[in-house]
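S.K.: Before anything else, here's the structure in question.
The values are calculated or read from the model by the stated rules, or taken from the named source; none is laboratory data. Note that the coordinates shown come from a computational prediction; the quantities given were computed from them, not determined experimentally. For neighbour counting, all protein chains shown are included, and Cβ atoms are generated from backbone atoms with ideal geometry for every residue, glycine included. Keep in mind that these areas ignore ligands, DNA and RNA; they rest on the heavy atoms of the full protein, side chains included. Shrake-Rupley method; radii C 1.70, N 1.55, O 1.52, S 1.80 Å.
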Amino acid sequence: MFEALTKAPGDKILALMGEYSADSRSTKIDLGVGVYKDENGVTPVMKAVRKAEERMLSNEKTKTYLGIAGNKGYGAAVIDLVVADSADSARIRVAQAPGGTGSLWVLMQLINRARPGATIHVSDPTWANHNPIAINSGLKVATYPYFDPATRGVKFEQMLAALDQLGAGDVVLLHGCCHNPTGANLTEAQWDQVAQSLAKTGALPFIDLAYLGFGDGIEPDAYGTRKILSTVPEALIAFSGSKNFGLYRERVGAAILMARNSDEADIANSQLLNIIRGAYSQPPDHGAEIIRTILDDAALRAEWEEELATMRNRMILLRKKLADAIRERSNSTDFDFVADHRGMFSLLGLTNDAVDHLKAENGVYMTGDSRINIAGIPEDRVGDLAAAFLGALR
Ligand code: PMP
């Protein structure tokens, strides 16, 4: 059987992690893999998460099955967090799913059941896993203009012009906040225009919400998602609890759908549950119950929000420090965009040669597209890093 196979391409980020661990220089800096790190370079278990787990350990009475949609209390709490009062709850359905990735997967399968071979339009560039998930779900992928390498901002006029051309059978994948890999995001006024465009063309918005709370705060980060929900008849959302709850390996996410009315929501939801049943039957509970415990308890929720704010503010501070350090050394504002970007990443717009140079000469690791993980910047070595970036540009 297996002799018919050829080797699949390896994962680029995992390969980069391997190269980084094999590098013996004590001064090396890892700006590659997309996980939050604190000032000690550690991806911590949040205190609110630990407390929730302690409660669960003493309160849990059974480990029997929960059902295809997973933890119901979790689903309700996530709807409350993400959707709030932006849409009529009678039109919304939610299924817990394994991570943001699992949520994207089951929702793309749903799109393919509704419109086999539909085209999903993704930003140029987008998260490297969007394309394979879409292709593996039977969808076609196209791109819309997004990142402007000249300004390192969003090419908004071109983006909007492209969205205005779409039709009712099209799907538009939008990063709800904290765009990966670029760090360049839409303003509230731009979200308003995107929502209007979608309402006009009838294209289906599919929001990937993997970093809620990592940009400017839970409410501002939810603005675009809620604006779209309150403007269009139908939408899909893939929520991830990996980053904002630090639950990466627990695989917790949610697939959310909004239909035109309750009857259509029930029908679409029955298909979604059917897809899940035929794939992995039911999602794992642990991470979902952690999130439910936190969101349903005022004190734990306040503690989580504070820890989330600490992570967010640290990334904003590191952005500012890096931009300041580069400005001081270069007398130019060319890298000020780093301070304006939000979320865990910024796309620096360096050439492949510059990325290779940084790795070879300075032990600074980033993905080949020159995306840096802001949380990986060592605060006490921002100056070294600024000098290394400027050296690689020369
Ligand atoms: N979407 C985007 C844009 C992401 O960056 C990620 C995580 N790297 C995900 C979805 C999925 O995350 P997970 O499956 O780990 O929850």
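S.K.: Work out the length of the dipole vector of the chain about its Cα centre, built from +1 on the beta-carbon of each Lys and Arg and -1 on the beta-carbon of each Asp and Glu, and round it to the nearest 20 debye. Working shown, then result.
M.R.: On the way: 41 positive and 49 negative charges, 128 e Å.
Magnitude of the dipole: close to 620 debye.
S.K.: Skipping prolines and chain starts, which residues have an amide H placed within reach, meaning under 5 Å, of the one on Ser346, given they are 5 or more residues away or on another chain?
M.R.: Those qualifying (amide H under 5 Å, at least 5 residues apart or on another chain) are Ile372, Ile374.
S.K.: Work through the residues other than Arg251 whose Cβ is under 14 Å from its Cβ and net out their charges, Lys, Arg +1 and Asp, Glu -1.
M.R.: Every neighbour counted, the sum reads -1.
S.K.: Pairs of Cα atoms under 8 Å, at least six residues apart: use those to get the relative contact order of the chain, whole percent. Walk me through the intermediate numbers first.
M.R.: Numbers: 728 pairs, mean separation 97.9, N = 394.
Over the chain, the number comes to 25 percent.
S.K.: Net charge around Ala150, counting only other residues with Cβ within less than 15 Å of its Cβ (Lys, Arg = +1; Asp, Glu = -1)?
M.R.: So the environment of Ala150 carries a net charge of -4.
S.K.: For a Förster distance of 35 Å, can you work out the FRET efficiency between the beta-carbons of Ala114 and Arg249, rounded to the nearest 0.05? If you can, show how the numbers build up before the last one.
M.R.: Values: r = 32 Å, r/R0 = 0.92.
With R0 = 35 Å, the Cβ-Cβ based efficiency is 0.65.
S.K.: Identify which of Ile13, Ile29, Ile294 has the largest mean-square fluctuation in a Gaussian network model of the chain, with springs joining Cα atoms closer than 10 Å.
M.R.: Checking each option, the largest mean-square fluctuation is seen for Ile13.
S.K.: Using each residue's phi in the stretch 315-326, evaluate 6.51 cos²θ - 1.76 cosθ + 1.60 at θ = phi - 60° and report the 3J(HN,Hα) Karplus result to the nearest Hz, with x for Gly and Pro.
M.R.: Once rounded to whole Hz, the list reads 5, 5, 5, 4, 4, 5, 4, 5, 4, 4, 5, 6.
S.K.: Per residue of the chain, what 222 nm ellipticity follows from adding -39500 (n - 2.57) for every DSSP H run with n ≥ 4, rounded to the nearest 500?
M.R.: Working: 14 runs with 181 residues, N = 394.
Result for the chain, helices only: -14500 deg cm²/dmol.
S.K.: Moving to a separate point now. Please list 3J(HN,Hα) in residue order for the stretch 254-268, calculated via the Karplus relation 6.51 cos²θ - 1.76 cosθ + 1.60 where θ = phi - 60°; whole Hz, with x for glycine and proline.
M.R.: Along the stretch 254-268, the couplings run 8, 9, 10, 10, 10, 10, 5, 7, 5, 5, 5, 5, 5, 5, 4 Hz.
S.K.: Full extension from Lys7 to Asp356: what is 0.36 nm times the residue separation minus their Cα-Cα distance, to one decimal in nm?
M.R.: Once the chain is fully extended between Lys7 and Asp356, it gains 123.1 nm.
S.K.: Leaving out ligands and nucleic acids, note down the accessible area per residue over the stretch 65-296 with a 1.4 angstrom probe, in whole Å².
M.R.: 37
S.K.: Can you list residues from other chains, or at least 5 along the same chain, whose modelled amide H is less than 5 Å from the amide H of Ala142?
M.R.: Ile120, His121, Val122
S.K.: Roughly what angle does helix 286-295 make with the longest principal axis of the chain, taking Cα atoms, 0 to 90 degrees, to the nearest 10?
M.R.: Between the helix axis and the principal axis of the chain, the angle is about 90 degrees.
S.K.: Probe 1.4 Å, all protein chains in place: accessible area of Asp148 in Å², nearest 10?
M.R.: In the full protein context, Asp148 sits at about 40 Å².
S.K.: Starting from 0.36 nm per residue, how many nanometres of slack lie between Glu60 and Ser21 once their C-alpha separation is accounted for?
M.R.: The Glu60-Ser21 span can extend by a further 10.1 nm.
S.K.: Turning to a different aspect of this structure: What residues have an amide H closer than 5 Å to that of Gly213, excluding those fewer than 5 places away on the same chain, when H is modeled at 1.01 Å from N in the peptide plane?
M.R.: When sequence neighbours closer than 5 places are left aside, the close amide H contacts are Asp221.
S.K.: Less than 13 Å Cβ to Cβ from Asp266, Lys/Arg counted +1 and Asp/Glu -1: what total charge do the surrounding residues give?
M.R.: So the environment of Asp266 carries a net charge of +1.
S.K.: Please give the residues of the stretch 177-208, grouped as numeric ranges, whose backbone N is less than 14 Å from a label point set 7 Å along the Cα-to-Cβ vector of Gln271.
M.R.: Zone members listed by number: 204.
S.K.: In addition: Could you give the length gained on full extension between Tyr280 and Ala189, defined as 0.36 nm per residue of separation minus the Cα-Cα distance, in nm?
M.R.: Contour length minus Cα-Cα distance gives 28.7 nm.
S.K.: Let me ask something additional. Taking all protein chains as present, what is the carbon and sulfur share of the accessible area of the chain, in % to the nearest whole number, probe 1.4 Å?
M.R.: 51
S.K.: Short version: ³J(HN,Hα) in whole Hz for each residue of the stretch 112-128, in order, from phi by Karplus 6.51 cos²θ - 1.76 cosθ + 1.60 (θ = phi - 60°), x for Gly and Pro, what are they?
M.R.: 5, 6, 6, 9, x, x, 4, 9, 9, 9, 10, 5, 9, x, 9, 4, 4
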